[in-house]
Amino acid sequence: MSRMKISFPYAGQPLRTIDWLLLCIGVIALLAVFYQFRQITEASSFWSVRVERMEKQQPGATTKSRRRSRTREFSQEIGKELQQANTILNQINLPWEALFDAIENIITDDVALLALQPNVKGRTLRISGESRNINALLDFVESMEREVVFEQVHLVNYKVKQDNPYRPIDFLLTAVWTAKS
């Protein structure tokens with residue numbers, strides 16, 4: 001290993017002008033920051049004294065009761081935000097992949113899904129789509145009933161499109177989305 005030579009300043013070594021200049025700039029910056037800090041603290045104390053004086057002048061509720069009411073308001077807001085966060089976490093933790101895999105497994109060329117409307121809270125799923133014929137639609141409903149992810153699959157309504165020469169069937173069905181995968 002090679003040796004490194006480090007020279008420390010000693011008492012007789014002269015300081016360069018750049019060193020003095022940097023020291024002066026640092027001291028000036030420190031004084032400026034200290035001055036600004038004093039101004040901010042004075043302004044803060046002025047406004048807090050003014051707020052206290054105005055609160056004392058207002059008739060009615062005392063300062064403590066106003067603070068309690070503000071605290072209640074904040075805690076209610078925080079409670080609402082926590083409920084929303086828990087709802088979002090519950091939605092994220094659901095087995096979405098199992099749901100979409102099951103739907104991909106049962107879809108055929110004769111059935112086109114137009115909309116999937118999951119109700120996360122009720123764990124239900126509404127599916128609207130189009131089928132080439134009634135047999136393809138019934139096969140699709142049967143395939144859904146066989147999937148482990150779905151229970152209580154019901155065909156809510158269907159309608160044959162008379163204006164289309166191929167006579168496709170519009171349908172709406174519901175299913176209960178289970179946690180099994």
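Points worth noting:
- Highest mobility in the GNM of the chain, judged by mean-square fluctuation with C-alpha springs under 10 Å and restricted to Asp109, Asp170, Asp19, is found for Asp19.
- Taking a span of 27 Å or more along the helix axis (Cα atoms) and a mean Kyte-Doolittle hydropathy of at least 0.5 as the rule, the DSSP H helices of the chain that qualify are 17-57.
- In loop segments of the range 131-181 as defined by DSSP, there are no trypsin sites (Lys or Arg not before Pro) with at most 10 further C-beta atoms inside 10 Å of their C-beta.
- Top of Val120, Val49, Val141 by mean-square fluctuation, Gaussian network on the chain, Cα under 10 Å: Val49
- Note on Lys5 and Thr124: the extension gain reaches 35.2 nm, defined as 0.36 nm multiplied by sequence separation minus the Cα-Cα distance.
- When Rg/Rh (Cα atoms, Kirkwood Rh) is calculated for this entry, the matching label among [x] 1.46; [y] 1.14; [z] 1.17 is [x].
- Largest GNM mean-square fluctuation among Leu30, Leu125, Leu137, using the chain with Cα springs under 10 Å: Leu30.
- Our summary gives the chain a relative contact order of 15 percent, counting only alpha carbon pairs under 8 angstrom and 6 or more residues apart.
Laboratory data are not the source of any read-out in this text; all were calculated from the coordinates shown. On a predicted model such as this, the values are computed, not experimentally measured, just so you know. Positions of Cβ are generated from backbone atoms using ideal geometry, with glycine treated the same way; all protein chains shown enter the neighbour counts.
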